[in-house]
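To start, the structure under review is shown below, and the notes come after it.
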Amino acid sequence: MKLVSYNIQYGFGGDGRYDLARAAGIVAGADIIALQEVERHWQRSNYDDQPELLSRLLPDYHWVYGPAFDMDASERRDGRLVNRRRQFGTMVLSKLPIVWSRLHALPMRRTLRPLNTRNAALECMIRTPAGPVRVLSLHLAHIAVEERLEQIDYLMAEHRRAPSDGGPWSGVDDEPVRNWTSGEAEPENPLAAIWMGDFNTEPGSAEYRRIVGSTPYHRGAAYLDGFVDAAAIASEPAADFHTHVKTIDGKVGKRRLDHCFVGGMFAGRVRSISADIGEVASDHFPLRVDIDLETPGIAP
């Protein structure tokens, strides 16, 4: 299956042009799409409802949107209150049904300067031919290592207790007349997971090591409840593999801030990874991952 993660910078390209359709066209065709910096009802993006617009531009996908940032944007029109929310968050689109989803509001540190905003991870459970998988589209803090480490610790704890927590409901419905389950079996909350998004961190950093661990003598090590970097186990990416370019102190830096981390049970299933280097539809480049989710048999 083909996966893509893309921070679309709310539709604004590196050329300064707002064009949501351009970003949608780039990710179209992938089986699972994780988007970051998707917004609703902001002046800068014509007050567009971007999740709704993206769903129209990509009509063959199931989708879920999760706002990390939510503010009142209501107004009165002809004496009538129009309830509206100004939101900023992440989105997952999938050719397969999204069985359930939930939004994780990540830990945040209050700043005096510069501006800091809430971050979130949108978790979606998808039944693939290989088995049920939790796919997360996430965006970590952009300011400080310490804040990102707190966010990663939160997500790792949620990840490891997923099977024991269960999904939206568990147990036998003892009041079937209330129709809590719509006649469905208890939905899975598997250990198998894939994290995609803008981590605002580079390979080798403290945050990166907090996710994949440090295994200097066994570089291919994969723990059942841990994660591996898809780029570390895929066929070799291009030598200048990066997902973001920024000029800092007069120097142009090519950075890999966008990642795909896969659960240990997928270590042998990642086939390739690449980035659309030079694509100008955002200030980030799309990250593409080809992974075998067709062959049955991932670990429970």
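The values are calculated or read from the model by the stated rules, or taken from the named source; none is laboratory data. Computed from a predicted structure; not experimentally measured. Note: ideal-geometry Cβ built from the backbone for every residue, glycine included; neighbour counts use all protein chains shown. With ligands, DNA and RNA removed, areas are computed over all heavy atoms of the protein, side chains included. Shrake-Rupley method; radii C 1.70, N 1.55, O 1.52, S 1.80 Å.
Under 7 Å by Cβ, and 6 or more places apart or on different chains, what pairs join a residue from region 88-103 that is farther than 19 Å from GLU184 by Cα and open to solvent by less than 10 Å² (accessible area, probe 1.4 Å) with one that is outside any strand (DSSP E or B) and of a type in the set (Phe, Trp, Tyr)?
Sorted first by the residue in region 88-103, then by its partner, the pairs are LEU93/TYR61; SER94/TYR61.
Kindly check whether there is at least one residue in region 140-161 that is part of a strand (DSSP E or B) and open to solvent by 20 Å² or more (accessible area, probe 1.4 Å).
Looking through region 140-161, none of the residues is part of a strand (DSSP E or B) and open to solvent by 20 Å² or more (accessible area, probe 1.4 Å).
Looking only at residues in region 1-10 that are of a type in the set (S, T, N, Q) and within 26 Å of THR128 (Cβ to Cβ), which one is surrounded by the most Cβ atoms within 10 Å (Cβ to Cβ)?
SER5
Condition check ((1) farther than 24 Å from SER94 by Cβ; (2) within 17 Å of the chain's Cα centre (by Cα); (3) touching a residue at least 40 places away in the same chain (Cβ under 8 Å)) across all residues:
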{"site": "ARG209", "(1), (2), (3)": "yes, no, no"}
{"site": "HIS218", "(1), (2), (3)": "yes, no, no"}
{"site": "PHE285", "(1), (2), (3)": "no, yes, yes"}
{"site": "LEU293", "(1), (2), (3)": "no, no, yes"}
{"site": "PRO296", "(1), (2), (3)": "no, no, yes"}
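Quick one: which residue in VAL38, VAL4, VAL64 is outside any loop (DSSP other than H, G, I, E, B) and farther than 16 Å from CYS124 by Cα?
Answer to the selection: VAL38.
With the requirement that a residue be open to solvent by less than 50 Å² (accessible area, probe 1.4 Å) and in contact with a His (Cβ under 8 Å, 6 or more places away or on another chain), what does region 11-66 give you?
GLN36, GLU37, ASP48, ASP49, listed by residue number.
Quick one: in region 176-201, of everything that is among the charged types (D, E, K, R) and either open to solvent by less than 80 Å² (accessible area, probe 1.4 Å) or not in a loop (DSSP other than H, G, I, E, B) (or both), which residue is nearest to THR117 (Cα to Cα)?
ASP198
If you go through region 262-300, how many residues are closer than 20 Å to LYS246 by Cβ and either in a loop (DSSP other than H, G, I, E, B) or of a type in the set (D, E, K, R) (or both)?
Here the count works out to 10.
Of the conditions (1) at pLDDT below 95; (2) in contact with a strand residue (DSSP E or B) (Cβ under 7 Å, 6 or more places away or on another chain); (3) open to solvent by 50 Å² or more (accessible area, probe 1.4 Å); (4) not in a loop (DSSP other than H, G, I, E, B), ALA232 satisfies every one except a single condition; which number is it?
Failing condition for ALA232: (2).
Can you list residue pairs whose Cβ atoms sit under 7 Å apart, with the first residue in region 122-142 being free of Cβ contacts under 8 Å to residues at least 40 places away in the same chain and the second being part of a strand (DSSP E or B) and among the charged types (D, E, K, R)? Count only pairs 6 or more apart in sequence or on different chains.
GLU123/ARG102; GLU123/ARG134
Considering only residues that are more than 19 Å from the chain's Cα centre (by Cα) and closer than 18 Å to ILE26 by Cβ, look in region 257-283 and name the one that is modelled with the lowest pLDDT.
The qualifying residue modelled with the lowest pLDDT is GLY278.
Here's the yes/no breakdown for (1) of a type in the set (D, E, K, R); (2) touching a strand residue (DSSP E or B) at 6+ places or on another chain (Cβ under 9 Å); (3) over 15 Å from MET71 (Cβ atoms); (4) at pLDDT 95 or above:
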position: PHE12; (1), (2), (3), (4): no, yes, yes, yes
position: ARG22; (1), (2), (3), (4): yes, no, yes, yes
position: ASP31; (1), (2), (3), (4): yes, yes, yes, yes
position: TRP42; (1), (2), (3), (4): no, yes, no, yes
position: SER45; (1), (2), (3), (4): no, yes, no, yes
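So which pairs qualify, if the first residue must be in region 1-13 and of a type in the set (Lys, Arg), the second must be surrounded by fewer than 24 Cβ atoms within 10 Å (Cβ to Cβ), the Cβ gap must be under 6 Å, and the two must be at least 6 apart or on different chains?
Hits for this filter: LYS2/ALA30; LYS2/ASP31; LYS2/ASP290.
Would you check which residues across region 151-178 are among the acidic types (Asp, Glu) and farther than 18 Å from HIS259 by Cα and list them?
Selection gives GLU158, ASP165, ASP173, ASP174, GLU175.
Taking region 63-72 on its own, how many of its residues are at pLDDT 95 or above and over 15 Å from the mean Cα position of the chain (by Cα)?
Count: 3.
Quick check on region 255-271. Is at least one of its residues without any contact (Cβ under 8 Å) to a residue 40 or more places away in the chain and among the hydrophobic types (A, V, I, L, M, F, W, C)?
No; the residues of region 255-271 include none that is without any contact (Cβ under 8 Å) to a residue 40 or more places away in the chain and among the hydrophobic types (A, V, I, L, M, F, W, C).
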